[in-house]
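To keep things clear, I will list the structure first and then write my remarks on it.
The values are calculated or read from the model by the stated rules, or taken from the named source; none is laboratory data. Fair warning: this is a prediction, and the values are worked out from it, not measured in the lab. Cβ placement follows ideal geometry from the backbone for every residue including glycine, while neighbour counts extend to all protein chains displayed. For accessibility, only protein heavy atoms count, side chains too; no ligands or nucleic acids. Shrake-Rupley method; radii C 1.70, N 1.55, O 1.52, S 1.80 Å.
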Amino acid sequence: MSEVNPRALIEAARAASKHAYAPYSNFAVGAAVLLSDGTMVTGANFENASYGLSLCAETVALAKTSSEGRLAEVVAIGVIGGRMGHADTAPVSPCGRCRQIINEAAQLGGHDLPVFCGGAAGDEIAAYTLSQLLPAAFGPRDLGMV
Ligand code: THU
């Protein structure tokens, strides 16, 4: 099990946010998923002209992780966001839908995942656990999968 380095996760999320496709909101989000062997899988938000089809950065990163067969190996997540062209420092925390998506990895892996949140710039990191962000979650456990 590799050490969780919140700063490294935030920096990887920031790098990923450079590839945000967000021409409608102009709000760039990046996410970095840490796996138990130290691998980081990143994602950025991916918007669509049909706005409601847009995908969040966390969802993109976790879909990439799942498509590599590694959803149960997730040990931590970092997310950052901010308005394009600004150096926003306020930490961005995952939207409600993404919390539910993160919970899939958390319950499969049997961890209460740490979630580190940052802004597009600055040193502030807000640290949560998924159970703080999504208490009494419904998930694969309820369906008898784990
Ligand atoms: N967004 C994310 O990527 N993750 C979140 O947790 C919050 C919101 C994206 C969706 C949309 O592309 C933009 O941020 C503005 O809502």
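Some notes on this structure:
- Of all residues in segment 94-115, none satisfies being within 12 Å of the ligand (Cβ to nearest atom), open to solvent by less than 60 Å² (accessible area, probe 1.4 Å) and of a type in the set (S, T, N, Q).
- Checklist (1) open to solvent by 50 Å² or more (accessible area, probe 1.4 Å); (2) outside any helix (DSSP H, G or I); (3) away from the ligand (no atom under 12 Å from the Cβ) applied to Asn48, failing item: (3)
- Residues (more than 14 Å from the ligand (Cβ to nearest atom), aliphatic (A, V, I, L, M) and open to solvent by 50 Å² or more (accessible area, probe 1.4 Å)) located in segment 51-75: Ala72
- The number of residues in segment 111-146 that are in a strand (DSSP E or B) and aromatic (Phe, Trp, Tyr) comes to 2.
- Options Val4, Val29, Val33: the member that is among the hydrophobic types (A, V, I, L, M, F, W, C), more than 8 Å from the ligand (Cβ to nearest atom) and open to solvent by less than 30 Å² (accessible area, probe 1.4 Å): Val33
- The single condition among (1) in a helix (DSSP H, G or I); (2) in contact with a Ser or Thr (Cβ under 7 Å, 6 or more places away or on another chain) that Leu108 does not satisfy is (2).
- Test set (1) of a type in the set (Ser, Thr, Tyr); (2) surrounded by 14 or more Cβ atoms within 10 Å (Cβ to Cβ); (3) outside any strand (DSSP E or B) - Thr42 fails condition number: (3)
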